[in-house]
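Notes follow once the structure below has been shown.
Nothing in this text is a laboratory measurement; each read-out follows from the coordinates by a stated rule. It should be emphasised that the depicted structure is a prediction, and the values quoted were computed from it without experimental measurement. Reconstructed Cβ throughout: ideal geometry from the backbone, glycine too, with neighbour counts over all protein chains shown.
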Amino acid sequence: MTKKKDRDRLFYMVYEKVSVSPNTILPHLWSYRSRITLEHLSQTLRTWEYPILNEFLKEEPILRATQYIPGIVQLQQQFYDLYHRRLDKTEAAQITVGDFVRGLKIEHKKRLFCKKMNCVKTAWTLVKDKLPEYARVHVPPKYLQKTTWDDSLPLSYLIPTLTGPGVCTVALVDLLVGAHNDFMEKCHSELKKKQKTEWRKHKIPVSHIQQCHLLDYEHHLLSIVLSHCHYSLHHGKGQDVTYDYPALEKHLVDRFIHGKPLIQLEIPQVVYRKDVYSAMTFANIRKKVKPQVKLGNREQKDIINELRTTQNIR
């Protein structure tokens with residue numbers, strides 16, 4: 001019996017637990033230990049001596065979503081190649097994502113499409129609340145509130161356009177590319193001040209972007225934070241957590257920022273079939289082209305002959 005009591009006493013001392021009666025305040029409630037997370041790091045960093053680390057923690061929710069840019073852009077390009085000037089706006093609204101997936105006969109293509117859809121869905125969930133504030137492309141509130149990226153979604157939401165539901169993915173890419181470029185510009189500016197060297201900037205078109213060009217840190221960042229964290233625990237006094245901010249910022253720069261390019265935004269915009277052939281479209285073009293000069297008979301014949309010999313017109 002004595003040995004059991006000694007073991008219990010040791011157990012309570014090591015784990016800071018005590019046996020209490022129901023009528024007393026539970027002492028172990030005062031022994032709460034904060035988990036080491038990015039939120040905890042942000043709360044403890046109360047100095048602006050580390051501007052890159054501060055900026056990273058401030059923009060982290062948006063920067064985390066930039067890893068999905070390649071998948072979203074590939075999806076936009078896929079629909080551009082399939083439907084540019086080949087699909088009517090009404091047809092796009094009637095076809096659902098589920099219909100499109102069922103139409104893919106090859107299993108590999110289905111898996112690839114679902115992977116791209118998950119990129120859109122995850123990025124949208126992370127940043128949709130930021131779109132009204134940060135995105136240069138306006139997204140109507142009805143799309144922000146009601147858009148659910150599932151099989152019932154009309155295909156028009158995934159077809160990149162500047163009007164209608166297709167504006168959702170356009171605004172999403174615009175926001176993510178802007179966040180990446182703004183962060184990289186600020187980092188280059190701060191590094192130039194510290195190291196007094198001019199950083200060579202290079203741009204890559206968004207259609208060529210790969211994972212290695214982006215801040216793909218989600219699966220590595222917490223382990224880096226833990227490696228630069230000093231954690232001590234004293235019985236009866238709780239925990240003491242401190243971070244090595246200079247080493248953490250340097251590790252962040254060396255691992256995720258050095259060598260990353262700026263992104264050149266080029267979003268393919270689908271033109272619906274009816275819009276191309278409507279008389280109103282040609283009337284608008286005619287108004288914008290000034291001055292109007294009537295072609296002579298010879299020029300008209302040359303154009304007609306050239307069109308007759310031209311092949312593979314889309």
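Per the Kirkwood formula applied to alpha carbons, the range 108-177 shows a radius of gyration over Rh ratio, Rg over Rh, of 0.95. Residue-wise HN-Hα couplings along the range 166-176, as the Karplus relation 6.51 cos²θ - 1.76 cosθ + 1.60 with θ = phi - 60° gives them from phi, are x, 5, 4, 6, 5, 5, 5, 5, 4, 5, 5 Hz; Gly and Pro carry x.
Please give me the summed charge of the neighbours of A65: other residues whose Cβ is under 13 Å from its Cβ, Lys and Arg +1, Asp and Glu -1. Display every interim value, and only then the final one.
Details: positive: R64, K121, K128, K130; negative: E59, E60, D129, D174, D216, E218.
Net charge in that neighbourhood comes out at -2.
Pairs exceeding a 31 Å alpha-carbon distance, out of K110/K250; K146/K186; K115/K146: K110/K250; K146/K186. The chymotrypsin sites (Phe, Trp or Tyr not before Pro) of the range 37-99 meeting both criteria, a DSSP state outside H, G, I, E and B (loop) and at most 11 other C-beta atoms within 10 angstrom of the site's C-beta, are W48. When peptides 262-271, 93-102 are sorted by average Cβ neighbour count within 10 Å, with the highest value leading, the order is 262-271, 93-102.
Relative to the current alpha-carbon distance between R85 and K274, full extension at 0.36 nm per residue lengthens the span by 67.2 nm. Between C229 and K186, the contour length at 0.36 nm per residue exceeds the Cα-Cα span by 12.9 nm.
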